[in-house]
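Just so you know, all these numbers are worked out from the coordinates, no wet-lab data involved. The shown structure was predicted, so the numbers you read here are calculated from the model rather than taken from an experiment. Here the Cβ positions follow ideal geometry from the backbone for every residue, glycine too, while neighbour counts run over all protein chains shown.
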Amino acid sequence: MNAPTGSRHLDAEPPKDQRQTLVSPADNDASAQLIEAIQEAIRDRKPLAIYGGNNKAFYGRRTDSTPISAAGHTGILSYDPTELVLTARAGTSLALIESVLAEHLQLIPFEPPNFGPTATLGGAIACGLSGPRRPYVGATRDFVLGVTVLTGRGQRLRFGGQVMKNVAGYDIARLMTGSLGTLGVLLDISVKVLPAPQTEITLALERDTETAIQTMNALAGRPLPLSAACAYGGILYIRLSGTPSAITTARETIGGTTVDGSSLWQGIREHTHPFFAGPRPLWRLSVPSATPVIDLPGALLIDWGGAQRWLRTDAKAPVIRKAVDRVGGHATFFRGHDGRDEVFHPLKTGLLRLHRRLKEAFDPQRILNPGRMYEEL
Amino acid sequence: MHQADTAAHQNAEHQRHDLVIALRTFLPENAILSEEEDLRPYECDGLSAYRQVPLVAVLPDTLEQVQQCLRVCREQRTPVVVRGAGTGLSGGALPLSDGVLLSLAKFNRILNIDPVARTARVQPGVRNLAISEAAVPFGLYYAPDPSSQIACTIGGNVAENSGGVHCLKYGLTVHNVLEVKMITSEGETLTLGGGALDAPGYDLLALITGSEGLLGVIVEVTVKLLPKPECAQVLLAAFHTVEAAGAAVAAIIANGIIPGGLEMMDNAAIRAAEDFVQAGYPTDAAAILLCEVDGNAAEVADQVAQVEAILAACGATQVRLSRSEAERARFWAGRKNAFPAVGRISPDYYCMDGTIPRRELARVLTRTAELSKSYGLAVANVFHAGDGNLHPLILYDANRPGELERTEELGGKILELCVEVGGTITGEHGVGIEKLNQMCVQFNADELNQFHAVKHAFDPDGLLNPGKAIPTLHRCAEFGAMHVHHGQLPHPELERF
Ligand SMILES: Cc1cc2nc3c(=O)[nH]c(=O)nc-3n(C[C@H](O)[C@H](O)[C@H](O)COP(=O)(O)OP(=O)(O)OC[C@H]3O[C@@H](n4cnc5c(N)ncnc54)[C@H](O)[C@@H]3O)c2cc1C
């Protein structure tokens, strides 16, 4: 592994060998075992429950299949900072990847939540969750460039690649992202990475929720270096990322007071913020960003500039789903469900039919995480 | 005419007749074209080396009519090729002799611009640039800017996942589309994505983007609008070698800068562009880089200084900075007109579209130059340098017997080279009919079969744009055979294309 570069200086010349293939300490190719397990499952028609670090087991419906772990399939296969691309095996620790990137002053732009110390890249991609930076920089799927997967037909296939632009064939790499392992077992993944911003500050402004939503949307319509916007407890928090000069001007435009935002954004990303504590059911409402406050009982934390709303509520699922349907959004029963009910927003008939056919196309025997996303898949 | 030909001809006439009768029940007379002279304008897209008039062309202007067209085609087992503006460069909109060409040209209305949510909801036939123009009053714009943006449609952009010179920072079409309404070949209307930043279930929005008209007919698109940066300036740097220019690109990124645009042109492209638009390019340079930085005034000034230092350190022989909007536009004009510029100096040109890891640039350009020499065909290169997307333009003369074939062979070799160095055969122009053979190089049989299975899930009858984008395994077997054994075809039993 390369020595930490520490600070970013004006390199007169790029490094001689630009291809810096970094091999992580835990370099282990377990694909043969995974293929064998899949083929056995196909033979015996015994469905599998795929997991990585097992930190996101709560996410989605429960599946009573035989557990199989991809966590042993580890290693960063290549990382070239000037290409902005990193390829790693699915079981590679997210924390390790982030630390390797940090050495080169780069980061995973979509801030995937770890939800635990053993989170893997594969788990992050399969769940497709993104952190506070998402509305301004992009989602998990926006940064996935290519994957190698094991399908439910027992085939090891590669889609996409290690380059930024690629339209050869359908975009199956992005289809895999967020599909919760129901279409294939991810073996390795190439993601686009970005330079870490030079400077980052957080501003706090006193705003009631309704006004906060309006302000977040108004600011997003102006050329400002926003990288997160959240409203909670009567305060609107705005994170700015970029060059010092950009931030100085933007801070003057927006006003408010500067606060230490690092633990706030980390807490929202990882659900360690006090809002997420306790057993009360947690819902994720994904709605058009300018939607006014939705009339539902419970406590609310608004992230993603208004587009992602976390709700602690005892309200019944149909009530919640109906309310978000009305505004053109969807609701996920994130935590506190028993794993038997629908977790994800029900699909309209036509879409569900298409989902079934796609499942059939990748996993005809339904051996991969059956029922994890929807009962029918 | 041979007897068989006569029979085929009569058959086609019957089919055409039946189609027209069925289409007339819901389409006005002037929305159905079936005479040779009316069909001519639709015989090709931007890949004009291939031409084919369709059986019938239709120009519906309501969704019901589109649905009815698909129903008729389903009933009469007639394939459908959708067409936007026909600027595609891979033959995606090339008609089929036994098929209907479905033009969405009449769907050209901007339905809604929402300045608060920063979205535009438009019909598929709306031109790319028209969206940004409509958003001007709100200080917003639609970021992906293909060079063809005055003509190409948003439906075509989604179908190809088109890019532009500003995609390095602001993303491709797939990053800027929120919702797509499409009609399946079975006549069902589906909404993919939505007004929120994600949708439940599989990411079908990503799947339809870049699907080249094979998965569904896109009938409405909602795109993201971005706030227009306060200011932007372009640096124009000249280099003695393409290697030095390539190293400068890597150095800019290594220093944590993601420019709004980062483009490279080689000497042949520079001279052609300069002749055409007088952009002020140094015609003696081996390569130039165009690097645009944007943001607020202070930020732009800082980044300009930083980039200038990097360029100088990387051996730029000349660095110029745009001092006005007019000059900025002029710097870009050369790059944006590179294709037509090359079109002026050669009777014909063939535009390739591979993507490579940037570090392989020197190797790929050197090999391309060698290939160019051995085929006796000149090549000019324009390059979306920031994201590794290379456009070698092969200069040829279609009137010289055999030259098109040699050009295609050379193009194919260049694409295979892209795959060899870890890249891809198409970054933004799509596979169409053009790169079917190279798909066999990039993907194995199982992967191609998986693509066919996805197609089958959307379009079980194979009605939409059959034969494009994903090759049949038969075709690959044949190509592989030709490829490996230099023309000795070991599979005589297979159908020849
Ligand atoms: C001079 C020139 C410069 C160019 N520069 C660029 C560039 O910088 N970047 C870039 O990415 N491309 C570029 N292109 C290529 C081309 O403009 C793009 O691919 C564009 O998106 C095609 O749009 P269109 O409306 O012309 O589509 P068409 O050519 O009509 O169709 C393209 C494909 O999309 C399908 N299709 C079209 N509309 C729909 C729909 N509504 N539903 C389903 N399928 C549909 C067609 O069947 C076909 O397969 C350039 C082309 C030219 C001629």
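Quick notes
- Over chain A, equivalent-ellipsoid semi-axes from the Cα gyration tensor in Å: 33, 30, 17
- Sum of -39500 (n - 2.57) over DSSP H runs of 4+, divided by residues of chain B (222 nm, nearest 500): -12000 deg cm²/dmol
- Sequence-ordered 3J(HN,Hα) estimates for the range A:178-189 from the Karplus curve with 6.51, -1.76 and 1.60 and θ = phi - 60° stand at x, 8, 6, x, 8, 10, x, 8, 6, 9, 9, 9 Hz, glycine and proline given as x.
- For the range B:90-158 versus the range A:328-362, the gap between their alpha-carbon centres in whole angstrom: 31
- For the range A:111-154 versus the range B:247-267, the inter-centroid distance based on Cα atoms is 28 Å.
- Each other residue within a Cβ distance under 13 Å of B:Arg118 adds +1 if Lys or Arg and -1 if Asp or Glu, for a net charge of +3.
- Lysines with Cα under 21 Å of A:Lys359, excluding same-chain neighbours fewer than 8 positions away: A:Lys46, A:Lys348, B:Lys455
- Taking a straight Cα-Cα cut-off under 30 Å and skipping sequence neighbours fewer than 8 places away in the same chain, the lysines within cross-link reach of B:Lys169 are A:Lys16, A:Lys165, A:Lys192, B:Lys181, B:Lys224, B:Lys228, B:Lys336, B:Lys435.
- Projected area averaged over orientations for the range B:321-368, convex hull of C-alpha atoms, nm²: 5.2
- Exposure here means at most 13 other Cβ atoms within 10 Å; with GluC sites (Glu not before Pro) in a DSSP loop as sites, the longest stretch of chain B lacking them is B:36-492.
- Most mobile of A:Met164, A:Met176, A:Met216 in a GNM of chain A (Cα contacts under 10 Å): A:Met164
- Summarising the amide proton neighbourhood of B:Phe107: residues at separation of 5 or more, or on other chains, whose placed amide H is nearer than 5 Å comprise B:Gly125.
- Counting only other chain Cβ atoms within 10 Å of each residue's Cβ, the peptide A:152-164 averages 6.
- Divided by 2.2 N^0.38 Å, where N counts the residues, the Cα radius of gyration of the range A:192-298 comes to 1.13.
- Highest-MSF residue in chain A out of A:Val293, A:Val149, A:Val100 [GNM, Cα springs under 10 Å]: A:Val293
- Note on A:Lys348 and A:Glu40: the model spin-label points, each 7 Å out from Cα along the C-beta direction, lie 4.4 nm apart.
- Rounded Å value of the spacing that divides the Cα centres of the range A:194-267 and the range B:419-474: 44
- Whole-Hz couplings from phi, Karplus 6.51/-1.76/1.60, listed for the range B:347-359; x for Gly and Pro: x, 9, 9, 10, 9, 8, 8, x, 10, 9, x, 4, 4
- Ratio of Rg to Rh for the range A:20-195: 0.95 [Cα atoms; Kirkwood radius as inverse mean 1/r over pairs].
- 12 Å Cα-Cα reach of B:Lys468 towards aspartates and glutamates, excluding residues that sit fewer than 8 places from it in its own chain: B:Glu212, B:Glu434
- Other residues lying with their Cβ under 12 Å from the Cβ of B:Phe138 contribute a combined charge of +1, Lys and Arg counting +1, Asp and Glu -1.
- With contacts taken as Cα pairs under 8 Å at a separation of at least 6 residues, chain B carries a relative contact order of 13 percent.
- Multiplying the residue separation of A:Ala95 and A:Ala315 by 0.36 nm and subtracting their alpha-carbon distance yields 75.6 nm.
- Cysteines in the protein assembly as shown that lack a partner Cβ within the 4.7 Å cut-off: A:Cys127, A:Cys230, B:Cys44, B:Cys69, B:Cys73, B:Cys152, B:Cys167, B:Cys231, B:Cys291, B:Cys314, B:Cys351, B:Cys418.
- If you model the protein assembly as shown as an ellipsoid using its alpha carbon gyration tensor, with each semi-axis the square root of five times an eigenvalue, the axes come out at 40, 35, 28 Å, biggest first.
- Net charge of neighbours whose Cβ lies under 11 Å from the Cβ of A:Gly122, counting Lys and Arg as +1 and Asp and Glu as -1: +1
- Pairwise FRET efficiency - A:Thr272 versus B:Glu408, Cβ, R0 = 60 Å, nearest 0.05: 0.55
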